[in-house]
Amino acid sequence: MVGPTGIGKTEISFQIAKNIFEIISSDSVQIYRYLDIGSGKPTKEERTCFKHHLIDIIDPNMCFSAGDYCREALVSSKKIFRVGKIPLFVGGTFFYIDSFFEGLSDIPVIDDSIKKQLDYELKVKGLNSLYEELLGVDKLFACKIHFNDAQRITRGLEVYRGTGKPISSYYKNRKGFWSEKTFYIGLYMEREELYKRIDQRVNRMISSGFIDEVTCLRDMGYGPELKSMKSIGYYEINCFLDNRMPLVDAIEHIKRETKRYAKRQRTWLRRNKLIQWFKTFEVDRINNLLYEWLDKN
């Protein structure tokens, strides 16, 4: 039996994909019901033609962690194997994919007072000071993250201050579902073309009724304070609806933040040396590689 397969978004021929794979979404926004346009969900027609998992599984006011994702992805993987197909993990949120295949660390719960203290120090001392501290107590972890990554820098210090052990020490015992049969494919395009597509996508979101979608969500009781409503796109439209940002500025902000997110995704993916990279139009090469992999497994 072939192990769970990690493959990025690709344009492999529809018939090959439909007969062999079922998709497991690895998107932290598509998990929410009703958040459709802003998350770029596949349409109902697309989901009818090609089976998707982990889309529309929780309401917007519910919490969902990487651990929850791993548990749900494992359940979906087993279902897919039972019908004789292979899970095709499609990202988005590469932390979810890494968590599933590399495993999560069993880190103790950190006291809120430590988190609040670090939030205060971040404002007073600045991020550079905290990064220098992290280098002193957990150089292994500090050297693996970007010196501007405030979330992970503070997380590393939280764990050290709360447990007396570096966060890197917890990673040694992680158990994920990666195997030698796990197969990664990544697609890339030139930055100018990528940014052009992002601009076009945001414009389509607005013209497709994105503002109305967010308005309906608010009418249903899902306000801007929710984590789901703070994701890129939903945050800006909420700002517009609350008269905190003109629409033209909100649209430009969505485009800018989406491009920044794409840059962070690219940086994250570069760490995975197992990914085989292709340009988006190299469909034949991807198909040939898939056939070779299937023959071996």
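Could you tell me whether the stretch 245-255 includes any residue that is of a type outside the set (S, T, N, Q), closer than 26 Å to S99 by Cα and out of contact with any strand residue (DSSP E or B) (no Cβ under 9 Å at 6 or more places or on another chain)? Please lay out each step first, then the result.
Going residue by residue through the stretch 245-255, those that are of a type outside the set (S, T, N, Q) are 245-255.
Okay, now just the ones that are also closer than 26 Å to S99 by Cα, so none.
No: the stretch 245-255 contains no residue that is of a type outside the set (S, T, N, Q), closer than 26 Å to S99 by Cα and out of contact with any strand residue (DSSP E or B) (no Cβ under 9 Å at 6 or more places or on another chain).
Which one of the conditions (1) at pLDDT 95 or above; (2) touching a Cys at 6+ places or on another chain (Cβ under 7 Å); (3) hydrophobic (A, V, I, L, M, F, W, C) does I31 fail to meet, given that it meets all the rest?
Looking at each condition in turn, I31 falls short on (2).
Looking at the stretch 51-66, can you tell me whether even one residue there is assigned to a helix (DSSP H, G or I), closer than 25 Å to T258 by Cβ, in contact with a helix residue (DSSP H, G or I) (Cβ under 6 Å, 6 or more places away or on another chain) and of a type outside the set (K, R)? Before the answer, list the steps.
Restricting attention to the stretch 51-66, the residues satisfying the condition of being assigned to a helix (DSSP H, G or I) are 66.
From what's left, closer than 25 Å to T258 by Cβ: 66.
From what's left, in contact with a helix residue (DSSP H, G or I) (Cβ under 6 Å, 6 or more places away or on another chain): 66.
Add one more test, that the residue is of a type outside the set (K, R), and what stays is 66.
Yes: one or more hits.
Is the stretch 135-143 home to any residue that is within 21 Å of K263 (Cβ to Cβ), out of contact with any helix residue (DSSP H, G or I) (no Cβ under 7 Å at 6 or more places or on another chain) and either outside the structural domain of R270 (by TED's automatic domain parsing) or not in a helix (DSSP H, G or I) (or both)?
The answer is yes, given that some residue of the stretch 135-143 is within 21 Å of K263 (Cβ to Cβ), out of contact with any helix residue (DSSP H, G or I) (no Cβ under 7 Å at 6 or more places or on another chain) and either outside the structural domain of R270 (by TED's automatic domain parsing) or not in a helix (DSSP H, G or I) (or both).
Can you confirm whether the stretch 169-192 contains a residue that is on the phi < 0 side of the Ramachandran plot, surrounded by 14 or more Cβ atoms within 10 Å (Cβ to Cβ), of a type outside the set (S, T, Y) and part of a helix (DSSP H, G or I)?
No, that holds for no residue.
Among the residues of the stretch 266-287, how many are polar (S, T, N, Q) and modelled with pLDDT of 90 or more?
First, pick out the residues of the stretch 266-287 that are polar (S, T, N, Q): 267, 272, 276, 280, 287.
Filter once more, keeping what is modelled with pLDDT of 90 or more: 276.
Matching residues across the stretch 266-287 total 1.
Pick from W268, W293, W277: which is touching a helix residue (DSSP H, G or I) at 6+ places or on another chain (Cβ under 7 Å) and aromatic (F, W, Y)?
Numbers: W293 fails: touching a helix residue (DSSP H, G or I) at 6+ places or on another chain (Cβ under 7 Å); W277 fails: touching a helix residue (DSSP H, G or I) at 6+ places or on another chain (Cβ under 7 Å).
Within the list W268, W293, W277, the selection yields W268.
If a residue has to be touching a strand residue (DSSP E or B) at 6+ places or on another chain (Cβ under 9 Å) and either of a type outside the set (S, T, Y) or outside any loop (DSSP other than H, G, I, E, B) (or both) to count, how many in the stretch 256-292 make the cut? Outline the logic, then answer.
Filtering the stretch 256-292 down to residues touching a strand residue (DSSP E or B) at 6+ places or on another chain (Cβ under 9 Å) leaves 265-266, 269, 272, 274-280, 282, 285-286, 289-290.
With the extra rule that they be either of a type outside the set (S, T, Y) or outside any loop (DSSP other than H, G, I, E, B) (or both), the set shrinks to 265-266, 269, 272, 274-279, 282, 285-286, 289-290.
The number of residues fulfilling the criteria is 15.
The values are calculated or read from the model by the stated rules, or taken from the named source; none is laboratory data. If you're wondering where the values come from, they're calculated on a predicted model, not measured in any experiment. FYI the Cβ positions are ideal-geometry reconstructions off the backbone, even for glycines, and counts take in every protein chain you see.
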